[in-house]
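The values are calculated or read from the model by the stated rules, or taken from the named source; none is laboratory data. Nothing here was measured: the structure is a model prediction, and the numbers come from that model. We place every Cβ from the backbone using ideal geometry, glycine too, and count neighbours over all the protein chains shown. Surface areas here come from the heavy atoms of the whole protein model, side chains and all, with no ligands, DNA or RNA. Shrake-Rupley method; radii C 1.70, N 1.55, O 1.52, S 1.80 Å.
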There are 2 protein chains.
Amino acid sequence: MSTLANCAAVLRLFSAERRQLSVTEAAALLGIPKSSASRLLKAMREEGLLRNVAGTPRYEIGNLLFEVARLHRSSSDLIELADRELRELTRQTGHTGYVSILDRADVLVIRMHRGTHPLQVVTPLGARAPAFATANGRAVLARLTDAEVRALHRGGLRPPSPAAPQDMEALLEALATVRRVGHCTAIDEAIPGVGSIAVSVADPERHETLGFCLSFPAAAVPGRERRRIRALLVGAARRIAARVDDPFWRGIAPQLPDAA
Amino acid sequence: MSTLANCAAVLRLFSAERRQLSVTEAAALLGIPKSSASRLLKAMREEGLLRNVAGTPRYEIGNLLFEVARLHRSSSDLIELADRELRELTRQTGHTGYVSILDRADVLVIRMHRGTHPLQVVTPLGARAPAFATANGRAVLARLTDAEVRALHRGGLRPPSPAAPQDMEALLEALATVRRVGHCTAIDEAIPGVGSIAVSVADPERHETLGFCLSFPAAAVPGRERRRIRALLVGAARRIAARVDDPFWRGIAPQLPDAA
DNA sequence: GAATTCGGTTGCGCCATATGGAACATGAGT
DNA sequence: ACTCATGTTCCATATGGCGCAACCGAATTC
């Protein structure tokens, strides 16, 4: 296992639920000896990738990462277009909206607009989830060929819930539907009780694809409201697609209002 | 040179002015052969630390860093207290305010409040600068002993301008003044034409120190306005210090209005 | 169209880095 | 004083990473 692979593995141990890490925890979670973990964490601290929690031997994310992450290109014309449309959709519906990009087999939240609805779903920026089990994820996976989708999931799927696609065939079938109708709905998949409806857009010139969605408590949003959300998202996607000359949306027939 | 040191060196090549990097550029900037640079960047991409700019062989900051940087503890009770006071100072004066922390011999901006003044200085979040040549930096360095300050600058100072401290003795003298009066002014130091006035606060229980400042175009802010800014900052620092039981401020006599 | 230049990649031998077991150090709890 | 958990260091060993040389493909120049 290379040093960089170890380093990345350490960074991936951190999460919203685990903002600190001890040497012993790192050794256990990575399955390596404590001496290896101790040296690795110490070396990462020396380079600014980690720092010690003040007054303790525990480790947390270092300043270098805070600094260079600002330079991550989480802004582009496409992202700004999606962000602007999403902000307006959030205003109109009250539901929280997210812009996500594909990262290997996951989607990563890069923009978020809080809704105004009293009951809402909140996923933080930087959060990742298996793409196949989210609306945004499937919206973006639909932009790939079946072969590319299979290649991303060589290790197979691990469905987080019965509502998510249970195997590759089910996933590919779901993606075929997304390609046909242009939007994607996920209910009770990555997060129980949560529904999302998503669309995707791509800038072919810059080889850039993203998904954006509105999320809501599944039980609180009836079918009529879901159709409204879907229509708003599709409308937004079409406007963006026209701007960036995204051929995907030209191939999607306008839906009749009751089409599921 | 260790792999992690090389990795960090690559990450440090990125900046607001250099958001992309080619193999050849990396080799030249790091002084290593192109084969080494090629393999290093490729390995970092494979771990998510970097990614390729779509459609090119060039590299940019990877998604993993965007993701884990969210977990950087750039929020704490102390930071929130400083942030709140700073927001109010920004509102009252119109000048841009920054909260920074020390990172080795640099300061790193972790919070920023844009002013409303038509002419203003803007430094992005995550930006770093040599602590000894900034107001925030010296405010925080003043919390260290002279020995600790010397240890941070073993390689000597490289003053960015004639207005900055030119050597260690000048720096230590400037820090002695900060310890005596509690605030620090820097004019034309890190950035020509820019002035800043800063104070620091520390939470002794959590071993945490930060500086916060207001920045302004030096030529546009007369002495009377500077004294007002200073008084506001000192007042804010004293309120925070009272909250977190910071003994530093108890040792600083209240200043007469004309004290420099 | 051929030659040259540039950016990036690969093969391969070598060695400096990284590893992990064992022993040790430190602090907390009893 | 003893036990236990956490973290560190020593040391022998393994190998990941390095850098030279050669190569590849695309773009540029003549």
* Asked: Roughly how much accessible area, to the nearest 100 Å², goes out of reach of solvent when A and B pair up, both sides summed, probe 1.4 Å?
  -> 4200
* To do: Go ahead and estimate [θ] at 222 nm for chain A from helices alone: -39,500 (n - 2.57) per DSSP H run with n ≥ 4, summed, over the residue count, rounded to 500.
  => -13000 deg cm²/dmol
* At 1.4 Å probe size, with every protein chain present, just tell me what the per residue accessible area of the stretch A:202-246 comes to in Å². => 47
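What FRET efficiency do you get for B:Asp188 and B:Ser22 if R0 is 45 Å and r is their Cβ-Cβ distance, rounded to the nearest 0.05?
For R0 = 45 Å, the calculated efficiency reads 0.80.
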* Structure fact -> Inter-copy distances for B:Asp245, nm, shortest first, label points 7 Å along Cα→Cβ, are 6.6
* Between the DSSP loop rule and a limit of at most 16 other Cβ atoms within 10 Å, which trypsin sites (Lys or Arg not before Pro) in the stretch A:103-148 are left? -> A:Arg104, A:Arg114
* Would you mind telling me which residue in A:Ala242, A:Ala43, A:Ala164 has the biggest mean-square fluctuation in a Gaussian network model of chain A, where springs connect alpha carbons within a distance under 10 angstrom? => A:Ala43
* Asked: Can you give the extra length, in nm with one decimal, that the chain gains between B:Arg179 and B:Ala151 once fully stretched, where that is 0.36 nm per residue apart less the Cα-Cα distance?
  -> 8.2 nm
* To do: Compute the Kirkwood hydrodynamic radius of the protein assembly as shown, taking the inverse of the mean of 1/r over all pairs of distinct Cα atoms, and give it in Å to one decimal.
  => 25.3
* **Approximate spin-label separation B:Arg158-B:Ala5, in nm, with each point projected 7 Å along Cα-to-Cβ** => 1.7
* Can you figure out the FRET efficiency of A:Ser75 with B:Ala253, using R₀ = 45 Å and their beta-carbon distance, to the nearest 0.05? => 0.40
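Which whole-number percent of Cα pairs in chain B have a distance greater than 29 Å? Walk me through the numbers before you get to the answer.
Numbers: 12840 of 33670 pairs.
I get 38 percent for the Cα pairs in chain B exceeding 29 Å.
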* To do: Determine which lysines satisfy two conditions relative to A:Lys42: a Cα distance under 21 Å, and not lying fewer than 8 residues away in the same chain.
  => A:Lys34
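So if R0 is 22 Å, what FRET efficiency would A:Arg39 and A:Arg12 give, r being the distance between their Cβ atoms, rounded to the nearest 0.05? If you can, show how the numbers build up before the last one.
Values: r = 19 Å, r/R0 = 0.85.
Given R0 = 22 Å and the Cβ-Cβ separation, E is 0.75.
Checking the a/c ratio against 1.5 first, then a/b against b/c, what shape does the Cα gyration tensor give for the stretch A:75-198? Can you show the working numbers first?
Numbers: a/c = 1.86, a/b = 1.50, b/c = 1.24.
Here the stretch A:75-198 falls in the prolate category.
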* To do: Would you mind classifying the stretch A:151-217 by shape? Square roots of the alpha carbon gyration tensor eigenvalues, ordered a ≥ b ≥ c; an a/c under 1.5 is rounded, otherwise it is prolate if a/b is larger than b/c and oblate if not.
  => oblate
* Check the axis relating chain B to chain A and name the residue of B whose C-beta is nearest, distance in whole Å. => B:Ala69, 2
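Net charge near B:Phe66, counting Lys/Arg +1 and Asp/Glu -1 over other residues with Cβ under 11 Å of its Cβ?
Neighbour charge sum, excluding B:Phe66 itself: +2.
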* To do: Sketch the reach of a paramagnetic label on A:Arg87 as a point 7 Å from Cα along Cα-to-Cβ, and name the residues of the stretch B:108-131 whose backbone nitrogen lies under 12 Å away.
  => none
* Taking a point 7 angstrom from the Cα of B:Glu46 along the C-beta vector, which residues in the stretch A:11-34 have backbone N less than 19 Å away? -> A:11-12
* Binning at 10 Å from 0, report for the stretch B:3-69 what percent of all alpha-carbon pair distances ends up in each bin. => 21, 63, 16, 0
* Surface accessible to a 1.4 Å probe, per residue, for the residues of the stretch A:1-141, Å² -> 41
* Structure fact -> By the Cα gyration tensor axes a ≥ b ≥ c (a/c under 1.5 gives rounded; else a/b larger than b/c gives prolate, otherwise oblate), the shape of the stretch A:181-260 is oblate
* Asked: What's the longest bit of chain A with no exposed GluC sites (Glu not before Pro), using DSSP loop states and at most 16 other Cβ atoms within 10 Å as the test?
  -> A:18-204
* Asked: At what distance in nm do the modelled label points of A:Leu29 and A:Arg114 sit from each other, each positioned 7 Å from its Cα along Cα→Cβ?
  -> 2.7
* Asked: Gaussian network model of chain A, Cα springs within a sub-10 Å range: biggest mean-square fluctuation belongs to which of A:Ser100, A:Ser215, A:Ser161?
  -> A:Ser161
* To do: Place the label 7 angstrom along Cα→C-beta at B:Pro33 and in each other copy, then list the distances from the first to the rest in nm, shortest first.
  => 3.2
* trypsin sites (Lys or Arg not before Pro) within the stretch A:192-249, DSSP loop, no more than 14 other Cβ atoms inside 10 Å -> A:Arg206
* Asked: Relative to the longest principal axis of chain A, what angle (0 to 90°, nearest 10) does the C-alpha long axis of helix A:34-46 take?
  -> 70
* Can you list, shortest first in nanometers, how far A:Ala5 lies from the same residue in the other copies, with each label 7 Å from Cα toward Cβ? -> 2.4
* Cut-off 14 Å, label 7 Å out along Cα→Cβ of A:Arg206, residues of the stretch A:77-93 by amide N -> A:77-84
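Considering only protein heavy atoms and a probe of 1.4 Å, how much of the accessible area of the stretch A:193-260 is carbon and sulfur, as a whole percent?
Working: 1790 of 3300 Å².
Of the solvent-accessible surface of the stretch A:193-260, carbon and sulfur hold 54 percent.
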